[in-house]
Every structure is written in C-alpha cells, then in structure tokens.
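Novice: This is the structure I want to talk about, given as structure tokens.
The values are calculated or read from the model by the stated rules, or taken from the named source; none is laboratory data. Not measured: the values here are computed from a predicted model. Here Cβ is always computed from backbone atoms with ideal geometry, including for glycine, and neighbour counts include all displayed protein chains.
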C-alpha cells in the first residue's frame, strides 16, 4: 500500500517535470534544456559525420554519442508513455490508462519521438543503406517542435488557411504545366536536348517561376524569350503568395486571439470590479496561455481595457449629470 | 404522361448528382472524384506523350485513353446542358429552358468544358500541327476549377483588387521600359550584341526585375552596373507587390465575410433566442456556404457570438440591479 | 460682349471635356482614349526606333509621327493652361486667373506634361546626343498616370508610409555596406579582381540581397560562402519588405476609406430615412469618387448598412416589447 | 555660487541641444544635421579607402579626416555622458547622477556610440589587422539609428513578433538541413566534389531556398532535379515569410497605435467639449509623439473623431424628438 502510494507520487512528480507545462521549476527547465541541447548535438553529429575528414578519425566517438543518444531518447519515450496517464486526470477520470497511452502514442508529437529512435533499432533487424539511415536521424530535429509555442499558432494558421493553400498549389501546378508545355512547344526545335520533353521542361518552369533562375536552362529563340518573360511576369508573384497568405493569416489570427483575450478579460472584470494585475495574475496567465499569447501582449490588452473602463465611467458620470435625478428626464 | 413524369424525375436526379452542390450523397461524391481523376490522368497523359520513350511503345494506349476521355467529357457536357434547366427552378420559374441553357453555355465554366473537348473534334475538319493540338488538351486542367471553393474567393479578390493590379502592371511596364532603355543607352557600346536594341534589352530587364537573374545577360561597365543595381533595388519589391496585394486582399475579404456571417447569425438569434448548433445546422450551413467559408470558421464565429451574448446578458442583469425597480433611478 | 460670352462658354466646355472628371460624355471619353493611344504609340515608337532594322527603312515615318505627337501634346498642354481657371471657380472665386494657372503649372501632372514635350524643343537650341534624347521621350509614359485612379491611392499610401520606407532604405544601405565590406575583407585575397574594393564588392551585395543572383560574382572560400549564406538569409526578407509594407498599407488605406464611406452614408441616412440607391445615386457617387473607391465597393457598403439598420430596428422593437408601456420599467 | 548656477544652466542648455527631442531650435537641428553628415562622410571614407587608386594619393587627407572624426565623436560622447543627468530630472529627482549616467552608458544607443570610437583608441594599445580595423569603423553607420523615428517602431514590431521569427528561423533551419541532407544523399555519387558532404551541400540549399540561385551548384541527376524542384517549391515562400510577418506586424502596430490615439483624443474631448486643433496643439502633439505617429495620421484621426461626434449629437437630437419629454415613452 505504501509502496503503491510512493509509485503514484513518483509518477505524478515525473509527469510534472517532463510533460506538465504549467509546472515550471528549475529542475524541469534544466531537463528541457538538456534535451534541446542533445537534439542539437545529434543534428550536428549527423552533419559532421558526412565530412570524411571529421568522421573517420573520430568514428568511435560518433558511435558512442549515438548509443548514448538512443538510450536517452528511449528512456524519455518510455517515461512519457508511463506518466501520460496523469494528464487531465481530474477532468476525465473515466478514461482508462491504456486508452490515454494509446491516444498519446498516436499523437503527432509521440510519432516524431518514436521515429527519432526507430531507425537505430531497425538496424539490428534489416540491413539498410548506412548513409540513408544516418540522414534519417535528422528527424530528431522535429522533436524541437515541442519547445516552440509560436510553431503551434503557425500550424493553426496553416490549417485554417489550408483551402487558400490548396488553391495556390492548384494555380502553381497549372502555371508549371502550362509554362513547361508552352516552352516545350516553342523551344523544342532550337534546343532539342534541354527541352526534349515536357517533364524535362518542367525543370526550367520550376526554376523560373520560383525566381531561383540558376541559368542552366534558358530560352534562346525570340519567341521563347517573349513567352518566358510573359510567364515570369505572370507567375513571379505566385511563388510569394503562400508566404503572403501565411503572414496575413498569422496577423489576423493574432488579432482574433487578442480580441478573444479582451472579451475574456471583460468577463473577469464583471466578477471582479477592478481587475488586479498582481492578485489575478494566475487567472490572467491561464487565459493568456490558452490563447498562446505572450505576457507583453496580455499586459497591453489589460492596460487598454482599464483605460477604456475609466473612460466609460467618466462618460457615465457626465451622462448622469445631464439628467434630472428626480424625474429622469434629460435636462 | 407517365413517361414524361419519369423523364422529369430522371433529369432532376441527374441534376442533383452532377450540378447540385447542396446534394451530397455517396454517389455524387464518387462521380466528382471520377471526373477529377480523369482530368488528372488526362494532364498526365499529355505530359507523358511528350516523352518519346514513353509515347511510341504505347501509342495505341494513349490514343484509346484519349478517345475514352473525349467520350466521357462530351457526355458530361451534354448532360450538363440537359439538366441545367433545374437550377433555380423554384426561384425563377419564368425563364424559359432555352434561355437557361444559353446562359449556362456562355458561363466561364461551360466555356472551359467546351474548349476541353473542342480541339479533338477540330482534328476531323482541319489539319492542325499535332504537337500544338496535344498541348491544347492541357486546357482540361482548368475543369478542376469547379472543385475548388477557395478559387472562387481568390477570383472575387482578384476582381475587387483589379484596379490595384492595373496600377501595378502600369508601374511594371514603366519600370521595364525605363530599365531596358536606360541599360540600352549605357551598355550598347560595351556589349553591342546583347544590348543591341531596347526590345532585346527588355529580356535583361524582365529577368532582373523579377529577380530570376539567369546570368546570361549582365551589365559589364561600371555605369551599367551602377544603373543595374539602382534598378534592381527600386524594382525588386515591385515583383512581389501583386502577391502582397492578393494576400492582403484575401485576408480582408475573409475578414469581411466573417463579419457578414456574424451579422447574419445575429439576425438568426433574434428570431430564435438560443441558436441551436444542431437544430439550426441547416440554416447555418446555408449562410456559411453562400459566403464560401468553411465549417471551422463558422463554428468559431458562433462560439464567440454566444459568449458575447452571455456577457451582455450578465451586463444587463448587473445594470438592472443598479437601478431602483420602482422609480428607475440610479442607486 | 457676345463674343466674350462665347469665349467663356467655349472655355467652360473645353474644361469639361479635357479636365473635368465628373463630366463623362461620349466625346470626353473619346478624347481621353485618343490621348492614351497616342502615348502608347509614342512609347512603342521609341522602343521600335532602337531596332536598326525597323528604324532606317521607316525613318521618315518615325519623324513624321514624332512631329505630329509634339504638335498634339503641345496643343493639349496649352489648352490645359487655358481652361484650368475653370477649376473650383465657384468654391474659390477670389483666386486670380494667373495664380490658378501658376498653381497648375507647378503641379506634378503639369510638370510631366511639360517634360514630355520639352526635349523636342530643346533640340532646336542645343545639340544633345540623339540616342539619349530619344529615350527621354519615354517620359511621356508618365502622362498615363492621369488615367489611373488606383495610382493616386498608391501614391497616397507611399506618402503615408514614407517613414517606414525611409527606415527600410536605411536598413538596406546598412546591409549593403556591411555585406560588401565583410565579403571584401574575406574574399579579397582569393579573388583580388572581383572583390578588389568595397565599391566593387557592392555589385555582389546588391545582386545577392535582392535575390537576383546572376552568378557572375560568387564567394569561393569557405569563410566567404559561410558569410555569404548568413548575409543572404538575413537580408533576403529585406528586399521583399517594401512590397509587403506597400501591400499592407494599401489594404489598410482601402479599409479606412471603406469605413469613412460607411460613416458618410450613415450621415446621409440621417437626413433621408431610407437611402434610395437610385434617387441618391448622385450624392453616393460624389462621396465614392472623393474617396477613390469603385462602384462595387460602395454598393457592398450600402447593402451591409441597410441590413444593419433593419437589424437595429428589429432589435429596438423587441426591446420596446420588453418594457412596460406605462411605467417604462423592464418586465 | 554664481559659477555653479552658470554650470547648471550650461548643462541644461547643452542637454536641450543634443539630447532633448522636444526642444527643436534652429541650432539643435543644425547640430543634428552636422552629425548626420559627418557619419555619412565617415562611411563614404571607409568605402573609398578600400579603392587603392583613391586611397594612396590622398592617404594624409583620409587620416586627417579620421582624426577629426574621432575627436568630434569623442567630444559628442563625453558631452552626452555629462548632460544625460538632466533627463527626467523633474519626474525622478531621487536617482543619483552616477546612476543616471551608468544607465545611459549601458543603453544600446550609448554602446553604439562607444563602439564607434573604441577601435581608433584600441589601435594605440594592440596591433590589429589594419583592413579589419578600418571596416569596423562602418559601425558608425548605426549611430544614424538615433535619427529615424520609424526604426524604433520597426524594432518594437520585431520585438513583438520575435516568437514568430523564432518559429520561422526554426523552420528555415529544418528546411536547410533537410534539403542539404537530401541533395547530399541523392547527388553525392554524380557530383562528388560539389556535394561532398552535408556542410558543402548547405551552400546549394541556402542559395536555392533564398531564391538567389547563382547557378554554380546545380543538381544534375533526374532524382536530384525532382528533389530540388520539390524543395524549391516548398521552401520558396519561406524566405519571404519574415518580410511578410514584419510588414503585417508593422501595419497592425500602426493600426493599434491609431486606435490608442483615438482613445486618448476621446479622453481629451471629455475634458474639453470641442477639441481645438490650434489651442490644444501642444497636448495633441505630446500624445502623438509618444505613440510615434506623424502629424498627418493624427490629423486624420481628429477629423474623423469630430465628424463622428457631430453625427452622434445629431443622432441624439433625433432620438430625443422621438420620445415624449414628459413621460419618457417612445412616440
């Protein structure tokens, strides 16, 4: 019984350290920083291994580091599987443990964690091309996603604007197909080897429409140059369109969240006449974190809100003065 | 009489399947997917045919596929002409059938459909260059426009911002003409063949101003390089301007539509105290589809609206408490 | 006396045709179109003259066309000077004629008109390099500015955002100076001819930071490539910044104008219970044109406004029902 | 005593001239312009010195100018340290002089000032590579930051959007690492020297993803070209993303400030029935300058505000008419 008690306490403590974002102690921060450093070192190692002059003299070191990393990441994965049952324990006590674990294992974050360690174990069962296997370890870079709050907002925006992106991709495909077909018809005679077929002409289309312009494939005939110029002018904006949509979407998402924050704070103000920035810090922080906004943005909204409230009170006072206090009529 | 009844029912059913967007059954979705697949295969075929190594061994296969496609697209076109009289039948019963059909035939979508099959029939009457004719089949790609909701919003934005685009095209023409004339005057002596005339210099101007920069034509004199650098710095933003305008326009169009949606939902709330997300699903969906917004966006607006309503009610209650219920005076 | 009357009437009529934008008859439109066509033909002529194969056989034709254009543009300029006194005659009758004319002559539009014809006359007094003189005629392209409404909004935005642009230009200069100095220090030894001095290295900096990337000057040392990559990553967004600022500024300017339009329409609604789209067309059009918005945008605002008004009326009715009609208390 | 009085007066006067932005006399403007000119001449000198043909014949001139600049900038720095105690003297009289000076010395602006002169003195103690030392003088360009108001707004936006930028840099690093690793695996066999290792492949990745596209390193295999095209299409928008975020952020920051300005002006209107643009010029200017907006923007807000106020008054009058003045009931 006492042993069980200890087991539950330990699990809860470990959960707080490695998964609970609201729990921010010195040790949990150190744990996060250690993992971030290990991931960065892993990626550096993969890059460094590709340089023969660095790899061959230090082969044993690289291998030892890889074994160490695999062990750490495996322990991390198993710990997360173990403690994840603590999440939302109070809110949803009815969900059984195995279901919580399965839900987590199927989440994108957990899949990234698994794929980060899987190739290393794969090596024991099947023989895979070593260079390809090494590069697969770069997948560990994605483990960093966990530590970027803004990435989540960006993903939300990407998801919200996905229809716009589909439309842009559709237009881009039309442009590439049209451009490569057009240049193929026009330049095929003059340069039969580079514009041999439409798929080969697509290299020119992609390189031109994205404005990379290596210069290895260029139209040489007058008609080809004219067509190329037209295509470039029309298509050039297109490549910049997704970035524009994403940037606008991000701005409007942040604007929307700021408005929701304002609305929530207004509600707080109803319960609590003068919202106290210090006393209500916990409530404010909870709302703010839910919306993924940072402290400066929240403070800005609060300051503005209190100022508006003061203005409205002054306005109400002036308004009251203008009415007869006995009959309520306007003077 | 019974036969006629059956004919009308059949036409109505076919209309629902191939044209009515509100009618979403398993079969109508399958029909759409089949057509999308056929279009994609057609485009792939055109691209593949240009590769000699793929075309010559499978010539008969490509031809058979083309015949099959032509037949399917022709039947699709005729069916659409036939059933289009069902559209808005209740709202405008006074418009005669031939007028409805003519209106549809003149619509951009129908013209795309016609041009997609026309070249194949053209072949029987006049002899056209085969390669050019093949590439014309790529026009079928535009048939996909029908299945992209976001494309329509993009076209609306393009239409709304058309004056800005005209201004940008005007500035772009000024830039290209000025840049090519300037570089022609300055570099003509040093490189008489590439900067032989203004039209020839325009190739450099377009390649530079769109930031493609192939590197085949480059100013070599100091004055030319200075002028080229100035032109590039000034003009470089210009190429990205249309994309920026389109992205901003898209963001503000979506914002505007979200506001209209909010207004419509507010109106719904007037008729119906607590808008029920499940019961009123049909009304909500109709408004949402009219505005071309997706389900997530509509839900977001509704949740926000209900929250605001609750807040206003709480505010009204607090307000009521502050007034004497007998004399109406402020306490 | 009668002669004077006729003179005044003629001047007023000519003013309406060539300057008054509110006055839109078939003839005034034809006049505008003729001038636009002449400007475009002039620019085409300048471009065509640079091609020896086109110029020498048709030299007389080109010269005749140039004489004709000079005469037309000169008459146009003189006419504008003559009739400009009619502008705002009612609003400001106190300004003397010579002052009105001087004001117009000093306006940017008038200066463009003058510079378009000046070089041709200059030719009679001093001997200038012919090729340079010809290219100067391209200035006539700017005469088209008069016919683009969106250009004026763009110029307003440019003016409003001028401080942002100054900051961007300042950063750009810092970037170019820093990049060229850095690459000069690093690559000077390896490539003493292309990175001979900082001014020479600036060519590389401009070509790289604007993402043109001709490929004629490239860092070859490892340190140079690393520095080049860093500079490119940091600087690449910068080149797109002015376009982004302009696009955002344009969007917010249009948004602001739409809001002012709404406010003005609301004021119209106060005077006139149900704003009649047909009866009040003139007033609406005047406001709309003042704000430089097109008809679709104005109509959208009106439709939205009427809908909101209807909603408010329904809300007011519901509100009234909730109060006792005798004591005014809330039920 | 009198001497001390004079000393304090002098310090206050010097403070007004070189640090106080609200104090704008002819002399203080001249002082600013002289410093701006000196900075620009310094930067030009550094650039010019790198050209051997300009430097060697005028070596003494360049050196004399450098000595002169060092003396002026040193005096400027010492003067600023001396007079900075005058800042916020009334608001915070309790802070001792040494603390004020230390605070200023640690501010970014003061550090720039110090670094601008430090290398020249460094030369006396240690022997540094002369060319590197010269280039360090370019740091003086940053001294100009003091004179660009828009730069401060841009820095505020950069700071506010820093989380978005971190996310973009993170994605960019993922893209570069992934792209270079992918192309290394695919092209290593075909081009063993250019794609020798992942770090070497990164040069291609950076040059391609930023759309610079020099053309010195290009994939040659079909698989490499396909991968390259995919990477380019996916990544191309990314490079433009920071500019988009910055532009959107700038627009929304300006919008927010305009709203705050409106709110502050509304508060002014409460104290003072009809805000007088001429009489209240000082108050308006103070608020405006605090928010970093220019005069046009402030005027626009005021005009709009007064118009709205007038509208509300008219609305209130109409509203009053519709109610019985005796019983308060709606007529």
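Novice: Based on what the data block shows, is residue C:111 part of a helix (DSSP H, G or I) and within 11 Å of another protein chain (Cβ to nearest Cβ)?
Specialist: no
Novice: Quick test for you: out of A:186, A:157, A:135, A:194, pick the one residue that is in contact with a helix residue (DSSP H, G or I) (Cβ under 6 Å, 6 or more places away or on another chain), farther than 29 Å from residue B:251 by Cβ and more than 9 Å from every other protein chain (Cβ to nearest Cβ).
Specialist: On the way: A:157 fails: farther than 29 Å from residue B:251 by Cβ; A:135 fails: more than 9 Å from every other protein chain (Cβ to nearest Cβ); A:194 fails: in contact with a helix residue (DSSP H, G or I) (Cβ under 6 Å, 6 or more places away or on another chain).
Matching residue, one of A:186, A:157, A:135, A:194: A:186.
Novice: For the subset of segment B:106-126 comprising residues that are at pLDDT 80 or above and in contact with a helix residue (DSSP H, G or I) (Cβ under 7 Å, 6 or more places away or on another chain), which member is farthest from residue B:74 (Cα to Cα)?
Specialist: Here the answer is B:109.
Novice: In segment C:197-206, which residue that is at the interface with chain D (Cβ under 9 Å from one of its Cβ atoms) and not in a loop (DSSP other than H, G, I, E, B) is surrounded by the fewest Cβ atoms within 10 Å (Cβ to Cβ)?
Specialist: Out of the qualifying residues, it is C:199.
Novice: Give me a count of the residues in segment C:208-237 that are under 35 Å from the mean Cα position of the chain (by Cα) and facing another protein chain (nearest Cβ under 7 Å). Reasoning before the result, please.
Specialist: Going residue by residue through segment C:208-237, those that are under 35 Å from the mean Cα position of the chain (by Cα) are C:208-215, C:231-237.
Filter once more, keeping what is facing another protein chain (nearest Cβ under 7 Å): C:208, C:210-215, C:232-233, C:236-237.
Result for segment C:208-237: 11.
Novice: Scan segment B:202-248 residue by residue and report those that are farther than 15 Å from residue A:239 by Cα and in contact (Cβ under 8 Å) with a residue 60 or more places away in the chain.
Specialist: The one that is farther than 15 Å from residue A:239 by Cα and in contact (Cβ under 8 Å) with a residue 60 or more places away in the chain: B:235.
Novice: Which ones in segment B:21-48 are within 21 Å of residue B:290 (Cα to Cα) and without any contact (Cβ under 8 Å) to a residue 12 or more places away in the chain?
Specialist: Selection gives B:23, B:24, B:25, B:29.
Novice: When you check residue A:308 against the structure, is it over 33 Å from the mean Cα position of the chain (by Cα) and either at pLDDT below 80 or surrounded by fewer than 16 Cβ atoms within 10 Å (Cβ to Cβ) (or both), yes or no?
Specialist: Yes: the conditions hold for residue A:308.
Novice: Moving on. Just to be sure I understand, how many residues within segment B:17-50 are at pLDDT 90 or above and outside any helix (DSSP H, G or I)?
Specialist: Qualifying residue count, segment B:17-50: 0.
Novice: Also, quick follow-up: Would you check if residue C:190 is within 34 Å of the chain's Cα centre (by Cα), without any contact (Cβ under 8 Å) to a residue 60 or more places away in the chain and not assigned by TED's automatic domain parsing to the domain that holds residue C:294?
Specialist: The answer is no for residue C:190.
Novice: In addition: In segment B:51-89, what count of residues is obtained for those that are touching a residue at least 24 places away in the same chain (Cβ under 8 Å) and part of a helix (DSSP H, G or I)?
Specialist: Residues in segment B:51-89 being touching a residue at least 24 places away in the same chain (Cβ under 8 Å) and part of a helix (DSSP H, G or I): 17 in total.
Novice: What residue, of B:168, B:156, is in contact (Cβ under 8 Å) with a residue 12 or more places away in the chain, surrounded by fewer than 17 Cβ atoms within 10 Å (Cβ to Cβ) and within 28 Å of residue A:172 (Cα to Cα)?
Specialist: One residue alone meets the criteria, B:156.
Novice: Restricting to segment D:207-230, name every residue that is in a helix (DSSP H, G or I) and surrounded by 24 or more Cβ atoms within 10 Å (Cβ to Cβ).
Specialist: D:207, D:208, D:209, D:228 - these are the residues of segment D:207-230 that are in a helix (DSSP H, G or I) and surrounded by 24 or more Cβ atoms within 10 Å (Cβ to Cβ).
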